[in-house]
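K.L.:
I have a structure here, written as structure tokens, and I will follow up with some questions on it.
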Amino acid sequence: MKVIKVKDYEEASQKALNIMLDVIKNKPDANLGLATGSTPKRLYESMREDHRINGTSYSDIKTFNLDEYFGLSPDHPQSYYYFMCQNLFDELDINLDNVHVPKGSGDIDEECVNYNQLLNDNPLDIQLLGIGSNGHIGFNEPGTPFESTTHKVDLKESTIKDNARLFFNGNEDEVPKQAVSMGIANIMNAKKILLIACGQNKAKAIKYTIEGKPSIDVPASVLQNHPDCTIIMDEAAASLLETH
Ligand code: GLP
């Protein structure tokens, strides 16, 4: 694992931008695995800025999001599809037919099978990740087997609380209780992985991810087994590390 420690969120986002642009410039028809949450917001804003100023094109890029709440329609302001349009896609020259986010309605089991097939047919050149305060990646909560593929998830209480605070005006009742998520095996299949972690509430999860023994209790710790994984963190997220 390559660990990059930076001062703050802004610097983390700019480092992440360079890595993303490197992938896109080397392969203009790359398959990008994307993430939601507050962490990648500044990165996405920087990608929009770069597209506007430098003309980086996304016309042949395909994207595949990690996860989606189950029970929210794509036009619901808290759906991950909506988030991606607002934060990234609407201002790029990307073809929306090339944008893939798991469906949050219909037959959830069927969607898991279909999305998993889509991932098998389109190997990811890079997977972007945030990390939950309990070490989850995508919506792979503690206890998810490392061999898991796209699956239906019952969200943990702590994740519902975190997401209510950040995105649902603190109203836990409004946060869906289920989601569809890429599995850990899907994430590990990506050629390259880039995880961004910022803030004190990520410090414990980051410490275990980097210094602990890979365990399903902290899903992100599986990344130690990936041949090309970069973790970018700010000082607060790195504050409990002993070795970096
Ligand atoms: C959600 C998402 C994850 C994300 C995590 C952390 O649960 N499903 O993909 O990494 O939250 O979010 P944040 O970046 O807002 O801390």
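The values are calculated or read from the model by the stated rules, or taken from the named source; none is laboratory data. All figures in this text were calculated on a predicted structure; none of them were measured in a lab. Note that each Cβ is placed from the backbone with ideal geometry, even for glycine, and that neighbours are counted across all protein chains shown. What goes into the accessible areas is simple: the full protein's heavy atoms, side chains included, and nothing from ligands, DNA or RNA. Shrake-Rupley method; radii C 1.70, N 1.55, O 1.52, S 1.80 Å.
K.L.:
Mind checking which pairs have a first residue in region 115-137 that is at pLDDT 95 or above and a second that is in a helix (DSSP H, G or I) and of a type in the set (S, T, N, Q), Cβ under 6 Å, 6 or more apart or different chains?
P.N.:
LEU119/ASN186
K.L.:
For region 1-102, list the helices (runs of 4 or more DSSP H) that sit wholly inside it and hold at least 1 residues that are out of contact with any helix residue (DSSP H, G or I) (no Cβ under 9 Å at 6 or more places or on another chain), touching a residue at least 12 places away in the same chain (Cβ under 8 Å) and within 15 Å of the ligand (Cβ to nearest atom); which are they?
P.N.:
Counting at least 1 such residues, we get 80-87.
K.L.:
Look at LEU128 and say whether it is within 16 Å of the ligand (Cβ to nearest atom) and part of a helix (DSSP H, G or I).
P.N.:
Answer is no for this residue.
K.L.:
Can you go through LEU166, LEU194 and tell me which one is under 29 Å from ASN31 (Cα atoms) and modelled with pLDDT under 95?
P.N.:
Just one listed residue meets the conditions, LEU166.
K.L.:
For region 46-63, name all the residues that are out of contact with any Ser or Thr (no Cβ under 8 Å at 6 or more places or on another chain) and open to solvent by 20 Å² or more (accessible area, probe 1.4 Å).
P.N.:
Answer for region 46-63, where residues must be out of contact with any Ser or Thr (no Cβ under 8 Å at 6 or more places or on another chain) and open to solvent by 20 Å² or more (accessible area, probe 1.4 Å): ARG48, GLU49, ARG52, ILE53, ASN54, GLY55, SER57, SER59, ASP60, LYS62.
K.L.:
Return the pairs, sorted by first residue and then second, in which the second residue is of a type in the set (Ser, Thr, Tyr) and not in a helix (DSSP H, G or I), the first residue lies in region 217-244 and is in contact (Cβ under 8 Å) with a residue 40 or more places away in the chain, the beta carbons are less than 7 Å apart, and the residues are 6+ apart or on different chains.
P.N.:
Once the first residue is in contact (Cβ under 8 Å) with a residue 40 or more places away in the chain and sits in region 217-244, its partners that are of a type in the set (Ser, Thr, Tyr) and not in a helix (DSSP H, G or I) give PRO219/THR144; SER221/SER215.
K.L.:
Looking at region 166-189, which of its residues are away from the ligand (no atom under 14 Å from the Cβ), outside any helix (DSSP H, G or I) and closer than 24 Å to VAL113 by Cα?
P.N.:
Selection gives ASN189 alone.
K.L.:
Sticking with this structure for a sec: Hey, any hits in region 175-186 for a residue that's out of contact with any Lys or Arg (no Cβ under 9 Å at 6 or more places or on another chain) and open to solvent by 20 Å² or more (accessible area, probe 1.4 Å)? Give the steps one after another, and end with the answer.
P.N.:
As a first pass, look at region 175-186 and keep what is out of contact with any Lys or Arg (no Cβ under 9 Å at 6 or more places or on another chain): 176-177, 182-186.
Filter once more, keeping what is open to solvent by 20 Å² or more (accessible area, probe 1.4 Å): 177, 185.
Yes, there is a match, as at least one residue in region 175-186 is out of contact with any Lys or Arg (no Cβ under 9 Å at 6 or more places or on another chain) and open to solvent by 20 Å² or more (accessible area, probe 1.4 Å).
K.L.:
Condition check: away from the ligand (no atom under 13 Å from the Cβ), farther than 17 Å from PHE70 by Cβ, open to solvent by 20 Å² or more (accessible area, probe 1.4 Å) and part of a helix (DSSP H, G or I). Does ASN120 satisfy that?
P.N.:
So ASN120 passes the test.
K.L.:
Can you tell me which of (1) open to solvent by 10 Å² or more (accessible area, probe 1.4 Å); (2) in contact with a Ser or Thr (Cβ under 6 Å, 6 or more places away or on another chain) is the one GLU172 doesn't meet?
P.N.:
Failing condition for GLU172: (2).
K.L.:
All but one of (1) under 14 Å from PHE139 (Cβ atoms); (2) free of Cβ contacts under 8 Å to residues at least 40 places away in the same chain hold for PRO176; state the number of the condition that does not hold.
P.N.:
Only one criterion in (1) under 14 Å from PHE139 (Cβ atoms); (2) free of Cβ contacts under 8 Å to residues at least 40 places away in the same chain is unmet by PRO176, namely (2).
K.L.:
I'd like to check something: does region 138-153 contain any residue that is over 20 Å from LEU43 (Cα atoms), away from the ligand (no atom under 16 Å from the Cβ), touching a Phe, Trp or Tyr at 6+ places or on another chain (Cβ under 7 Å) and open to solvent by 10 Å² or more (accessible area, probe 1.4 Å)?
P.N.:
In the first step, residues of region 138-153 are kept if they are over 20 Å from LEU43 (Cα atoms); the result is 139-153.
This time we only want the ones that are away from the ligand (no atom under 16 Å from the Cβ), so: 145-147, 149.
If we keep only those that are touching a Phe, Trp or Tyr at 6+ places or on another chain (Cβ under 7 Å) too, we end up with none.
Among the residues of region 138-153, not one is over 20 Å from LEU43 (Cα atoms), away from the ligand (no atom under 16 Å from the Cβ), touching a Phe, Trp or Tyr at 6+ places or on another chain (Cβ under 7 Å) and open to solvent by 10 Å² or more (accessible area, probe 1.4 Å), which makes the answer no.
K.L.:
For region 88-111, which positions are surrounded by 17 or more Cβ atoms within 10 Å (Cβ to Cβ) and out of contact with any Lys or Arg (no Cβ under 6 Å at 6 or more places or on another chain)?
P.N.:
Residues satisfying the conditions are LEU88, PHE89, LEU92, ILE94, VAL99, HIS100, VAL101, PRO102, LYS103, GLY104.
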